[in-house]
Amino acid sequence: MRKSIFAAALLYALLGTPAVDAGVISQANQQSPPSGTWLAWGGETRIHLNPDALARFGITIANVQGASARTVGAPGKRYEVDTFPAQNSSALQINHTGKVIDGLGGGALRHAGGLVLQAGDKQIDLRGFSLQANVPTRVGMAVADAAGTVWFTTDHAHPGFARDNPNIFSMREMNLRLSRAFAQALGDPSLEGYQVGGLDFRAQSKPDETPAPTGDVCNAPWPGANLTTDIELVYRDGDNNWDGHDDSIMVQRCSLESDGAANCTASSTTGGVVIDQDSSLTNIGQTAVAWYYRLFGDYPPYNNDQHPFLIWNMYRLNADGSIKQVGVSGVKHAFETVNYNCSCGDGHVIYPTCEDTYAVYNNDTSDFLGPRSEIVPYTAIWGRCDSFLDTDCDGVEDDGRIAQNLYDYRMVVKESDMLAPLATGARYFFEYWYVVRDDQNIYNSMGYREILPVKQAMGQMGNDDRAGWSIQLVDNVPHGNNFHLGPVLNLWVDPAALAPNTDNQELATPLGHARVAVKATDLGDGTWRYQYAIANFDYAHVQIDPAHPDEPNIKVDSNQGFSTFTVPVGAGATISNVRFEDADIDASNDWTGTTASDSVTWTMPAGQNSLDWGRMYRFEFVADRPPAKSGSVHLTGAATASEAEIPYDLAIMAPQGIDDTVFKNGFEG
């Protein structure tokens, strides 16, 4: 199995999870778990610094002292990771109820070694740094120098006790953000809270002389008949005092090359901008949901390493009213649930009412990212056999198979898609969602926020021609009113409140779901402009390798969405301005639009660029026919090597036929 500092650090947290064969899972203790304060001391702290963020702000690492391990960072390539032993003579208080962490108390974990950072003419000396509670948050932390000045804060932690050793306490996968003092040192107070990396630590702990309790009684059935499985995306704000910081959307880096070899400049327009987010959710269903680390073993209820998957997208609503997807991520493989705000400890099962969260930093970590093509989205099954991690199907992670740089499997948005003239008068939306097995409502597992991408030159920090992008939230009033459940397509055309000459209908099939939305605009000269947008949420025509058809070692040979789209226009209609837009700027893979006597059809290029799950394509034309409510469109699911295309018809607004006189004013009358 591939060995790394990060992977090794996960093992202590992941080992010890018992296999449960019954239909009901339980984390139970016969007595009420005690509440109190435990001490954590010693161990080690790992600081992960995003080299692209450091370069953006003109921060350099002047010295690394006393590190027990170091991975030197490189912009666009890999994080800087420095590991520092903590002193046994220092201790941090952990307030708990059983294994459930109620928050951090007083004290600190102190370290003899540390980093020396240079920010312009300011030097930040973190030799002898300490980790302490970030009051008044419950599990947020502060990173202070030996004199007590706080230079970083952390949030979105995964805290808990190791299941194989109750005397090990850790806080993992935390965001590392610039403090107020650091922002002031950079000469820009607005940079306070900017995420520049991650942090985790593990420490010794001795609660008492008897084995530690496992937490309060937690039990729920696995998914089954007459039971509701439902994971809902939520927005977490800092006001809840868990960690003091809202769920955020952040730019990680920008490069003119796909591997990060050349930084974006103040005048560049062709760079790729990596953007991701904090993501939080809650279990509002009746059942437990499996949340196991990939390739870590096979567990109930499916005898595999089942876990949810996270994807994210970005869209531009143009000034002319059209919509275009401009960003597509890979897949984040979830691996553990924190189980906030319930009486269950962290682990690999999320119980009803429990919450979970992942940090921006964690969603940018190469260890957990992979391609969408390996996921069967409507079942949320991962084809792990012959996957990007396990080419020989032995259930063990291969060496060197994770992302090889900090752009692979990320969502990369082209600068030109966020600059004038395309950005003039446009609005931008960031959408993200979880794919969860047996989830009975996919639409509340997804959500979106309006954002404003901003490009900023960095000359004020003496960084020559380099430039960086940032994300501002639009109308971000308190408590997440900028956050909305559902897909962005439903903002473009609201199916619950259709405007005149619009429509939005769901295509529900045994192979997944999609929605088709349409806007018709009267051009005033007897012609109408029709815009159709198709969002494929979890539809996939999948071919499974006959030699590997069963879990846990399913092999996905092909995974495609839709291959053609046809709109009837009525015999004798005049059609013009046939257009197509997908989620990239590569014209060579665009679908071809053709007109017949009574229809317009778009067809994907042979063997490439099908409308796959998690993507949205737009189709447009002008016709001399007004819209009719009684129309329909036709889609086909792409063929596999062994199965033909699958036809689908969907009743939705379309141009009137020549004899259609019932709705003379389309949707207006």
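The values are calculated or read from the model by the stated rules, or taken from the named source; none is laboratory data. Just so it is clear, the model here is predicted, and its values are computed rather than measured. Quick reminder, even Gly has a Cβ in these numbers, built from the backbone with ideal geometry, and neighbours come from all protein chains shown.
Here are the numbers for this structure:
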| quantity | calculated |
| --- | --- |
| Any pair with Cβ under 7 angstrom, 6 or more apart, that starts in the stretch 549-572 at a residue that is under 30 Å from Gly631 (Cα atoms) and ends at one that is assigned to a loop (DSSP other than H, G, I, E, B) and among the hydroxyl-bearing types (Ser, Thr, Tyr) | Gln560/Ser610; Gly561/Tyr539; Gly561/Ser610; Phe562/Ser610; Ser563/Ser610; Ala571/Ser597 |
| Single unsatisfied condition, Pro546 versus (1) in contact (Cβ under 8 Å) with a residue 12 or more places away in the chain; (2) in a loop (DSSP other than H, G, I, E, B) | (1) |
| Phe182 being out of contact with any Gly (no Cβ under 7 Å at 6 or more places or on another chain), within 22 Å of Ala112 (Cα to Cα), modelled with pLDDT of 90 or more and not in a helix (DSSP H, G or I) | no |
| Boolean, Ser558 is over 29 Å from Gln656 (Cβ atoms) and either touching a Pro at 6+ places or on another chain (Cβ under 7 Å) or crowded, with 16+ Cβ neighbours inside 10 Å (or both) | yes |
| Close pairs from the stretch 326-351: first under 30 Å from Glu415 (Cα atoms), partner hydroxyl-bearing (Ser, Thr, Tyr), Cβ under 7 Å, at least 6 apart | Val326/Tyr315; Gly330/Tyr409 |
| Criterion (in contact (Cβ under 8 Å) with a residue 60 or more places away in the chain and within 23 Å of Arg180 (Cα to Cα)) met by exactly one of Arg78, Arg127, Arg110, Arg163 | Arg127 |
| Test: Gly215 is modelled with pLDDT under 90 and either more than 16 Å from Leu92 (Cα to Cα) or assigned by TED's automatic domain parsing to the domain that holds Arg46 (or both) | yes |
| Boolean, Val81 is assigned by TED's automatic domain parsing to the domain that holds Glu192 and buried (at least 20 other Cβ atoms within 10 Å of the Cβ) | yes |
| Strands (runs of 3 or more DSSP E) wholly inside the stretch 589-633 containing at least 3 residues that are hydrophobic (A, V, I, L, M, F, W, C) and at pLDDT 95 or above | 615-623 |
| Sole exception among (1) buried (at least 20 other Cβ atoms within 10 Å of the Cβ); (2) out of contact with any helix residue (DSSP H, G or I) (no Cβ under 6 Å at 6 or more places or on another chain); (3) over 20 Å from Asp557 (Cα atoms) for Arg372, by number | (3) |
| Matching residues, the stretch 367-419, being of a type in the set (A, V, I, L, M, F, W, C) and part of a loop (DSSP other than H, G, I, E, B) | Ala380, Cys385, Phe388, Leu389, Cys393, Val396, Ile402, Ala403, Leu406, Met411, Leu419 |
| Among residues of the stretch 508-540, those that are surrounded by fewer than 21 Cβ atoms within 10 Å (Cβ to Cβ) and within 24 Å of Arg372 (Cα to Cα), counted | 5 |
| When residues of the stretch 232-291 are limited to those that are over 30 Å from Asn441 (Cβ atoms) and free of Cβ contacts under 8 Å to residues at least 24 places away in the same chain, the one surrounded by the fewest Cβ atoms within 10 Å (Cβ to Cβ) | Ala262 |
| Test: residue in the stretch 510-526 that is outside any strand (DSSP E or B) and charged (D, E, K, R) | yes |
| Selection status of Asp121, charged (D, E, K, R), assigned by TED's automatic domain parsing to the domain that holds Asn50 and under 32 Å from the mean Cα position of the chain (by Cα) | no |
| Checking Ile585 against (1) surrounded by fewer than 17 Cβ atoms within 10 Å (Cβ to Cβ); (2) part of a strand (DSSP E or B); (3) in contact with a Lys or Arg (Cβ under 7 Å, 6 or more places away or on another chain), the condition it does not meet | (2) |
| Positions within the stretch 506-524 being under 19 Å from Gly321 (Cα atoms) and not basic (Lys, Arg), in sequence order | Val516, Ala517, Val518, Ala520, Thr521, Asp522, Leu523, Gly524 |
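One line per residue, one yes/no per condition, for (1) at pLDDT below 95; (2) of a type in the set (A, V, I, L, M, F, W, C):
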{"position": "Leu186", "(1), (2)": "yes, yes"}
{"position": "Val196", "(1), (2)": "no, yes"}
{"position": "Leu199", "(1), (2)": "no, yes"}
{"position": "Asp208", "(1), (2)": "yes, no"}
{"position": "Pro211", "(1), (2)": "yes, no"}
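For every residue, the table says whether it meets (1) under 23 Å from Ile275 (Cα atoms); (2) within 20 Å of the chain's Cα centre (by Cα).
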{"site": "Cys385", "(1), (2)": "no, no"}
{"site": "Phe388", "(1), (2)": "yes, yes"}
{"site": "Thr391", "(1), (2)": "no, no"}
{"site": "Asp408", "(1), (2)": "yes, yes"}
{"site": "Glu415", "(1), (2)": "yes, no"}
{"site": "Ala420", "(1), (2)": "yes, no"}
{"site": "Phe429", "(1), (2)": "yes, yes"}
{"site": "Tyr432", "(1), (2)": "yes, yes"}
{"site": "Leu452", "(1), (2)": "yes, yes"}
